[in-house]
1. Within the bounds of segment B:87-102, is there any residue that is more than 14 Å from chain A (Cβ to nearest Cβ) and part of a strand (DSSP E or B)?
2. Within segment A:82-109, can you find the residues that are away from chain B (no Cβ under 14 Å) and surrounded by fewer than 20 Cβ atoms within 10 Å (Cβ to Cβ)?
3. Specify the residue that is nearest to the chain's Cα centre (by Cα); the eligible residues are those in segment B:65-83 that are touching a residue at least 24 places away in the same chain (Cβ under 8 Å) and within 16 Å of residue B:17 (Cα to Cα).
4. Can you pull out the residues in segment A:96-112 that are part of a loop (DSSP other than H, G, I, E, B) and farther than 19 Å from residue A:24 by Cβ?
5. Please count how many residues of segment B:1-23 are within 14 Å of chain A (Cβ to nearest Cβ) and surrounded by 17 or more Cβ atoms within 10 Å (Cβ to Cβ).
């Protein structure tokens with residue numbers, strides 16, 4: 001079956017540092033890939049997505065590129081802010097389906 | 001508008017109470033979902049409705065009873081819950097049908113405490 005593996009957290013950074021959160025996946029078909037963010041006490045928000053190989057999703061300074069050859073979708077940001085502190089979930093959805101397979105989540109803590 | 005609304009935001013109930021959680025979306029999505037999320041864990045899928053019919057029940061205990069009155073509304077009826085059912089309950093919606101895997105849009109959740 002499908003699965004998503006994310007790096008363990010928490011990831012602790014100082015403000016303006018560079019961020020990379022690794023995500024790799026296993027899928028039987030050609031999935032779409034997503035990053036969701038969950039701020040404390042809130043629901044999940046879609047951060048970015050990519051639907052085919054070599055697509056780059058981007059939003060709010062975050063980027064991730066769909067790499068089929070390495071089955072990866074790493075999340076990157078050049079300069080993090082305190083307000084980026086949250087839990088980040090990598091997820092996939094197979095073509096023709098809407099159910100999501102989530103990674104375990106990575107907590108990001110950014111200090112001033 | 002990509003908003004999914006959920007009420008109530010917080011709910012405290014005893015083990016003998018009956019209560020309902022409500023979810024609404026106006027994006028024209030034909031798939032709606034209930035998830036349960038425990039602290040520091042990803043959401044766990046409970047139920048999926050597709051075109052107002054229950055399509056997936058992830059072996060959820062019968063004390064949780066979903067209902068989809070129309071394409072915009074989703075309810076979760078709760079009865080005789082246990083303390084271990086305390087969690088954040090999330091509703092989501094998405095497009096449905098052939099095409100690339102679709103993203104889901106989540107509501108803010110209902111924080112449920114069972115005493």
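FYI, it's all coordinate maths here, none of it is from the lab. All of these numbers come straight from a predicted model, not from anything done at the bench. Ideal geometry is used to build each Cβ from the backbone, glycine not excepted, and the neighbour counts take in all protein chains shown.
1. Pass one, segment B:87-102, residues more than 14 Å from chain A (Cβ to nearest Cβ): none.
No, there is no match, as no residue in segment B:87-102 is more than 14 Å from chain A (Cβ to nearest Cβ) and part of a strand (DSSP E or B).
2. Taking segment A:82-109 and keeping what is away from chain B (no Cβ under 14 Å), we get A:82-85.
Within segment A:82-109, A:82, A:83, A:85 qualify.
3. Let us first name the residues in segment B:65-83 that are touching a residue at least 24 places away in the same chain (Cβ under 8 Å), namely B:66, B:68, B:71-83.
Right, trim to within 16 Å of residue B:17 (Cα to Cα) and you get B:76-83.
Working: B:76: 6, B:77: 10, B:78: 11, B:79: 15, B:80: 18, B:81: 16, B:82: 18, B:83: 18 Å.
Taking the candidates together, the pick is B:76.
4. If we filter segment A:96-112 for residues that are part of a loop (DSSP other than H, G, I, E, B), which is where we start, we get A:96-100, A:103-105, A:112.
Across segment A:96-112, the qualifying residues are A:96, A:97, A:98, A:99, A:112.
5. Residues in segment B:1-23 being within 14 Å of chain A (Cβ to nearest Cβ) and surrounded by 17 or more Cβ atoms within 10 Å (Cβ to Cβ): 4 in total.
Results for (1) loosely packed, with under 13 Cβ neighbours inside 10 Å; (2) free of Cβ contacts under 8 Å to residues at least 40 places away in the same chain; (3) in contact with a strand residue (DSSP E or B) (Cβ under 6 Å, 6 or more places away or on another chain), shown as yes or no for each residue.
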position: A:6; (1), (2), (3): no, no, yes
position: A:31; (1), (2), (3): no, no, yes
position: A:36; (1), (2), (3): no, no, yes
position: A:39; (1), (2), (3): no, no, yes
position: A:42; (1), (2), (3): no, yes, no
position: A:52; (1), (2), (3): no, yes, no
position: A:59; (1), (2), (3): no, yes, yes
position: A:71; (1), (2), (3): no, no, yes
